[in-house]
Amino acid sequence: MSSPTYYLDLIVHFVRCDFSLRYKGSVLGILWSLMLPIAQLLVLVFLFQRVIPLKIDDYPAFVFSALLPWSWFSNGMSASGNLFISNRNLMWRPRFAPVTLVIVNTLSNLFLFLVQMPILVGVMFFYGRDMTFSLLFVPLLILIQGILLVGFGMILATMNVFYRDVQHIVSVALMLLFYLTPVFYWSEDVGENYRILYLLNPIAMLIQSYRAVFFYGTVPEWHSLLLLSGASVAICGLGYLIYSRQLHKVIDTI
């Protein structure tokens with residue numbers, strides 16, 4: 001039986017390899033990870049400040065405070081479906097725990113998020129948004145989001161082995177979820193009849209908590225943090241239950 005130190009070293013090794021291979025052979029290298037969110041930001045700012053003005057003060061800072069955590073969530077979810085299928089050689093190794101791939105995927109995209117965070121802080125300073133003690137809540141939000149992504153990752157990676165449509169459904173779902181998450185608009189502008197969609201959307205609450213910390217410089221609402229924590233742990237528990245019960249079938253299938 002492998003020790004926890006073995007798995008920790010293995011995860012660190014895989015995260016390092018995944019990140020280095022992602023930009024191998026690219027002229028700009030890691031700069032691509034910075035250019036994509038900036039390009040998304042410029043498009044959203046052009047659309048909702050020039051074409052369809054939403055009249056939100058410091059709009060670039062408002063959007064960017066939510067866009068980066070959304071990108072981490074979206075990237076992690078998009079890659080989850082193929083984790084077991086594309087790493088079948090590792091899956092067959094007797095000492096290898098397949099859930100390691102899900103954890104590595106989450107941490108690798110987290111590293112991208114951390115690399116992009118200085119730009120976010122710079123945008124906040126540019127628009128006069130002071131960084132307060134509320135930044136102490138960022139590690140907690142990262143932990144909650146990480147647990148949520150690992151839970152979803154186990155579900156998607158497992159189910160996609162049996163039903164290859166899962167990865168395509170996830171792509172469509174993420175596109176729809178982006179518009180149901182207050183990344184580029186006020187959550188307060190949502191009609192009362194549709195508020196339930198946001199209460200049932202943990203990533204929406206998570207995005208608003210990040211925005212509270214970075215854009216408003218305030219502490220996230222405690223009831224939101226409790227709901228988020230409970231939802232993340234519940235989804236992670238459900239994911240592990242599905243993963244553990246189907247693991248032998250997964251290995252046989254791939």
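Output the number of the condition that ALA173 fails; it satisfies all remaining conditions of (1) within 19 Å of the chain's Cα centre (by Cα); (2) within 27 Å of ILE56 (Cβ to Cβ); (3) open to solvent by 40 Å² or more (accessible area, probe 1.4 Å); (4) touching a residue at least 12 places away in the same chain (Cβ under 8 Å). For ALA173, the exception is condition (4).
Any residue at all in the stretch 47-67 that is modelled with pLDDT of 90 or more and open to solvent by 20 Å² or more (accessible area, probe 1.4 Å)? Yes.
Going through the stretch 95-117 one residue at a time, which ones are buried (at least 19 other Cβ atoms within 10 Å of the Cβ) and outside any helix (DSSP H, G or I)? PRO98, the sole residue that qualifies. In this structure, LEU206 does not qualify as farther than 24 Å from ASP58 by Cβ and either among the hydroxyl-bearing types (Ser, Thr, Tyr) or open to solvent by less than 30 Å² (accessible area, probe 1.4 Å) (or both).
Under the condition of being open to solvent by 70 Å² or more (accessible area, probe 1.4 Å) and within 19 Å of the chain's Cα centre (by Cα), the residues counted in the stretch 181-192 number 0. Residues that are of a type in the set (Gly, Ala, Ser) and surrounded by fewer than 15 Cβ atoms within 10 Å (Cβ to Cβ) within the stretch 234-254 comprise ALA234, GLY237, SER244, listed in sequence order.
Restricting attention to the stretch 217-233, and to residues there that are among the hydroxyl-bearing types (Ser, Thr, Tyr), in a helix (DSSP H, G or I) and touching a residue at least 60 places away in the same chain (Cβ under 8 Å), which single residue is least open to solvent (accessible area, probe 1.4 Å)? In this case the residue turns out to be SER232.
For the stretch 74-90, a residue qualifies if it is among the hydrophobic types (A, V, I, L, M, F, W, C) and under 10 Å from ILE254 (Cβ atoms), and the qualifying residues are PHE84, ILE85. Each residue in the stretch 127-148 was checked for being open to solvent by 60 Å² or more (accessible area, probe 1.4 Å) and in contact with an Asp or Glu (Cβ under 9 Å, 6 or more places away or on another chain), and 1 of them qualify.
The values are calculated or read from the model by the stated rules, or taken from the named source; none is laboratory data. Bear in mind the structure is a predicted one, so any value in this text is a computation, not a measurement. Please note: Cβ atoms are built from the backbone with ideal geometry, for glycine as well, and neighbour counts cover all protein chains shown. Note: accessible area is taken over every heavy atom of the protein model, side chains too, but ligands, DNA and RNA are not part of it. Shrake-Rupley method; radii C 1.70, N 1.55, O 1.52, S 1.80 Å.
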